Amino acid sequence: MNPLHVGLLGIGTVGGGAFTVLTRNAAEISRRAGRPIHITVVADKNLELARSITGGACRVTDDAFAVVKDPAIDVVVELIGGTGIAKELVLQAIERGKHVVTANKALLAVHGNEIFAAAQKKGVMVAFEAAVAGGIPIIKALREGLAANHIKWVAGIINGTTNFILSEMRDKGLSFAEALKEAQALGYAEADPTFDIEGVDAAHKATLIAAIAFGIPIQFDKAYVEGITRLEAIDLKYAGQLGYRVKLLGIARRRADGVELRVHPVLIPAKRLLANVEGAMNAVLVYADAVGATLYYGKGAGAEPTASAVIADLVDIARAAAIDPDNRVPHLAFQPDQLHDLPILPIVEAETACYLRLKVADKPGVLADVTRILADQEISIDALLQREPEEGEGETDVIVLTHRCKEKQADAAIRKIEALTAVIGKVTRLRLEDLQ
Ligand code: HSE
């Protein structure tokens, strides 16, 4: 049987994992694929590393463009990352009629429409299971397993670094900065963890999820992105007292008037399975009309978990390469001429319940003023918690949980609450989702 010849671009953590797993499970994988999958050449700037991992089992080069041009290569696996050279390599591979596998969520979230259009034109596959939630086969589930359904919403813990930080803040009462240091010491966070902690990495993934769940173009620039850097340990504590946990979620929700696409910290009921996803694990909850809720859990990063997704894509390509391109599973789940122009809604139109924490002077009438402002904005209160002030303290924290309202109603109420003389400083607002 003619092997599938793979050119691997980048043999870092995931590339090394792919090499190891493909070698270890070669027989099992080829029984599934119907033909052997061979890594024929590896390109990496670090030739010594590439040689030490491959041990002479394949060619090694430091010229990734030579791999893309190599007529012996059927599939290019791009594991370089970023949106610079990786984009050039992917587009050149497509132009030369090669299939592509990539784990690069930033590249697809920003340039995916262009890349998939080019692939469509050339009749090649661009597979990206590893780009979203690492080893969890969420792309496969959304694109194929749930194909009967009208998908309503998806909510996921899709960044392991931030989930680890939040778990540490809650368990040990650490500040954000302390928990980040711990994540860095354990090697979870990148040396520059900005994309993780500012929610950008999760937003790249949520953008791809929204596209394949609802059949809309990829629109990262319209996503609302808020990370966890401003979270305070005190809010995790109050959330806990009220029966909630705080998670950084990527949310894609389809409404009649548009799509909510947002990443931000969220209070979710502690009894939900998603609330109990701890440490660096990922999980994605999908709500669809026929099947109801389904939950996908696993490792969102790491050498072999991510390699598992990369190799599953290679198996798909080995099986489908000979199929007429029009009869393959579409890149974005829906036929390319059937995408909707449903708009991505601005965050002010999003509907969520809210957690509000205010520091107030402990005197009569303050709560009455706050509740009147909320009532004026037609925001209904779900729960109220007031910390008992220390002896002689004179001020205290009030926590208000609201029912669902539009973001702009909450914004207006918060502005008015902050203008009250008895309210000290800014109101802390977190969004709350009960995920039912
Ligand atoms: N940096 C990501 C995370 C892993 O922390 O989940 C790769 O997407």
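What follows draws every value from the coordinates through simple rules; no lab data is involved. Note that the structure is a prediction, hence the values are computed from the model and not measured. As a convention, Cβ positions derive from the backbone with ideal geometry for all residues, glycine included, and neighbour counts pool all protein chains shown.
For the stretch 352-432, compute the orientation-averaged projected area of the C-alpha convex hull (one quarter of its surface), in nm².
The Cα convex hull of the stretch 352-432, projected and averaged over all directions, gives 4.7 nm².
How many angstrom separate the Cα center of the stretch 174-211 from the Cα center of the stretch 1-48?
A separation of 29 Å, based on Cα centres.
Which far-off residues, 5 or more places away or on another chain, put their amide H under 5 Å from the one on residue 249, with H placed in the peptide plane?
Here the answer is 264, 266, since their amide H atoms fall under 5 Å of that of residue 249.
Which value, in Å³ per residue, describes the convex hull spanned by the Cα atoms of the chain?
142 Å³
What are the ³J(HN,Hα) couplings of the stretch 405-412, residue after residue, when phi is run through the Karplus curve with 6.51, -1.76, 1.60 and θ = phi - 60°? Round to Hz, x for glycine and proline.
8, 6, 3, 6, 5, 5, 4, 5
Using DSSP to define loop residues, name the trypsin sites (Lys or Arg not before Pro) in the stretch 1-90 whose beta-carbon has at most 12 other beta-carbon atoms within 10 Å.
Qualifying residues, ordered by number: 45.
In sequence order, what are the phi-derived ³J(HN,Hα) couplings for the stretch 9-16 according to the Karplus relation 6.51 cos²θ - 1.76 cosθ + 1.60 with θ = phi - 60°, rounded to whole Hz, with x for glycine and proline?
9, x, 10, x, 4, 6, x, x
If you wrap a convex hull around the C-alpha atoms of the stretch 138-299 and split its volume per residue, what is the figure in Å³?
113 Å³
If I stretch the segment between residue 273 and residue 372 completely, what's the gain in nm (0.36 nm per residue apart, minus their alpha carbon distance), one decimal?
32.1 nm
Output the pairs from 69/98; 105/205; 105/181; 181/299; 105/140; 45/105 with a Cα-Cα distance over 18 Å in this structure; if there are none, say none.
Pairs exceeding 18 Å: 105/181; 181/299; 45/105.
When the chain is modelled as a GNM with alpha-carbon springs shorter than 10 Å, which of 79, 367, 314 fluctuates the most?
Looking only at 79, 367, 314, the biggest GNM fluctuation is shown by 367.
For the stretch 357-367, just list the computed ³J(HN,Hα) in residue order, Karplus coefficients 6.51, -1.76 and 1.60, θ = phi - 60°, integers in Hz, with x standing in for Gly and Pro.
Calculated HN-Hα couplings, in order: 10, 10, 9, 10, 5, 7, 9, x, x, 5, 5 Hz.
Springs between alpha-carbon atoms under 10 Å, Gaussian network over the chain: tell me which of 394, 81, 173 tops the mean-square fluctuations.
394
Specify the inter-centroid distance of the stretch 244-274 and the stretch 385-428, based on alpha-carbon positions, in whole Å.
Centre-to-centre (Cα) distance: 23 Å.
Placing +1 at every Lys and Arg Cβ and -1 at every Asp and Glu Cβ, with all other atoms neutral, what dipole size does the chain have around its Cα centre, in debye to the nearest 20?
940 debye
Please report the spacing between the Cα centers of the stretch 293-321 and the stretch 88-106 in Å, no decimals.
Their Cα centres are 17 Å away from one another.
Return the percentage of antiparallel bridges among DSSP beta bridges fully within the chain, rounded to the nearest 5 %.
Close to 70 percent.
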